[in-house]
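See below for the structure under consideration.
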Amino acid sequence: MPSEGRTGVVIPVPEAQELLASVASRHPEAVRPGVPAHISVLYPFLRQLDDEVVAALRELFAGRSAFPVRFAECRHRGGFVHLRPSPDDQLRALTAEAMRRWPDVPPYEGKYEPEPHLTLATNVPDDTATAIVREVAAELPVAAELSEAWLVVFDGERWTRRERFAFGDGAT
């Protein structure tokens, strides 16, 4: 469970929300409650947010255009189950640019290599992870148009969207 004040920069994937809800209905212990389907750009992010940080994020996303991805592959590594987006080159470039702008904020606190993914389950037994992969296969592929990013903040109970950054225009 994240601590209060934890932040993240994510790309929501509403097209995958039904799939995430399907997993949650069969395996409620596997899905983080209140967390919408998303791809992380930079998590955890800064604890201290100000107008300068928001402006830098707005600039980062204003230079992007919406782009399509498909989720046709579900994988698991231990108790972590995720979908792989394809193509992922624009997502990798976006994370790399965010890492250049905030070099003191390594993705996942430097514990894991940043690979674009959409989390379906965490901390589940291996047999549950295998079952989720098998069940999800019947619901794939999922096509999505990625068109915005969110700055989210954990208030101790739930994640809330603090800012929205539309790709290409910087509007909130």
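Read-outs: derived from the displayed coordinates by stated rules, not from any lab. Model, not experiment: these values are computed from the prediction. In this analysis, Cβ positions are derived from the backbone assuming ideal geometry, glycine residues included, and neighbour counts consider all displayed protein chains.
Below is a table of values for the structure above.
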read-out	value
Loop sites in the range 68-152: chymotrypsin sites (Phe, Trp or Tyr not before Pro), DSSP, at most 16 other Cβ within 10 Å	112
Extended-chain gain in nm, criterion 0.36 nm per residue less alpha-carbon gap, residue 47 and residue 18	7.4 nm
Extended-chain gain in nm, criterion 0.36 nm per residue less alpha-carbon gap, residue 134 and residue 80	18.0 nm
Distance in nm between pseudo-label sites at residue 162 and residue 70 (7 Å out along the Cβ direction from Cα)	3.7 nm
Difference of contour (0.36 nm per residue) and Cα-Cα distance, residue 56 to residue 108	16.7 nm
